[in-house]
1. Largest first and in whole Å, give the semi-axes of segment 32-203's equivalent ellipsoid, each being the square root of 5 times a Cα gyration tensor eigenvalue.
2. To the nearest 20 debye, what is the magnitude of the charge dipole of segment 65-120 about its Cα centre, counting +1 on the Cβ of each Lys and Arg and -1 on the Cβ of each Asp and Glu?
3. Which GluC sites (Glu not before Pro) does segment 81-179 hold that lie in a coil by DSSP with at most 15 other beta carbons within 10 Å?
4. For a Förster distance of 41 Å, can you work out the FRET efficiency between the beta-carbons of Arg30 and Val115, rounded to the nearest 0.05?
5. For the pair Arg165/Arg49, report the inter-label distance in nm, with labels modelled 7 Å from Cα in the Cβ direction.
6. For a quick check: sort Ser172, Ser123, Ser89 by the number of other beta carbons within 10 angstrom, fewest at the front.
7. Can you pull the Kirkwood radius for segment 114-180, inverse mean 1/r over Cα pairs, to one decimal in Å?
8. Please state the relative contact order of segment 32-203 as a whole percent: Cα pairs under 8 Å, 6+ residues apart?
Amino acid sequence: MTAKGSTGRPGVGLALSLLVIAAVFAQERRGEPAEVLCPSVLGVGVNSRTPFCDIPIHVEPDLGIQVVLPPHRGEATLSFNLHNRHTYSQEEEQAGRAYTQYLASIAVATLEGEVIGEGVVFSEFRTAADLVDRVTGGAGASGLKAIAPTGVERVYVTVPADVDRLAIVGESVQIVRLDGRDVFTVVGRPIAILSDATLDYRPR
């Protein structure tokens, strides 16, 4: 005899219960913009209205960009767009000398210095069409800064349950131009740009 309301098929009721539980847990997760403390704001995008934050090279986590996580249960996921940092010159572009290749690397760490994630962005610049956006705040007549984001790589980092604050710091950038190649690892030098940081987590 089966209980009233049962399907009469073994395991079906259990499977349905598990699906309901999974759906409830999935609905509990929250996705929202991350709270980013940016020591060096590059500016706001003209077209996207997105704030862009410089990522300098640092070895001390507390000197880098900091991301504050709300109280969360279990692991959370931090994601953000990583861009290379280009100095735009219309004169160089018109003269055919603007080509630049970038390879920047950054690290995501706890404030105690434990690296929990890394990011790399590779891009090539040829014309203004390769810029992600222009940034307001320049001193010239256009009001645009020469520095602008180019290239984009979405970085995903799994954050342990017991971590409530992260640091994002630059590691190095390799730049190849028509006249040569340079690698920069000097502390304090901005080598990449961050935008659109979001958190996916289960509130505590």
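1. Its equivalent ellipsoid spans semi-axes of 30, 17, 13 Å.
2. On the way: 3 positive and 7 negative charges, 21 e Å.
Dipole about the Cα centre, nearest 20: 100 debye.
3. Numbers: sites: Glu91, Glu92, Glu93, Glu112, Glu114, Glu118, Glu124, Glu153, Glu171; in loops: Glu112, Glu114.
Filter output for segment 81-179: Glu112, Glu114.
4. Details: r = 26 Å, r/R0 = 0.63.
After rounding to 0.05, the efficiency reads 0.95.
5. With each label point 7 Å from Cα toward Cβ, the separation is 3.1 nm.
6. On the way: Ser172 16, Ser123 19, Ser89 12.
Fewest-to-most Cβ neighbours within 10 Å comes out as Ser89, Ser172, Ser123.
7. Values: mean 1/r = 0.0652 Å⁻¹.
It works out to 15.3 Å.
8. It rounds to 38 percent for segment 32-203.
Each reported figure results from applying straightforward, stated rules to the coordinates on display, with no laboratory input. Just so we're clear, the structure is a prediction, and the values are computed from it rather than from any experiment. Positions of Cβ are backbone-derived with ideal geometry, glycine not excepted, and every protein chain shown enters the neighbour counts.
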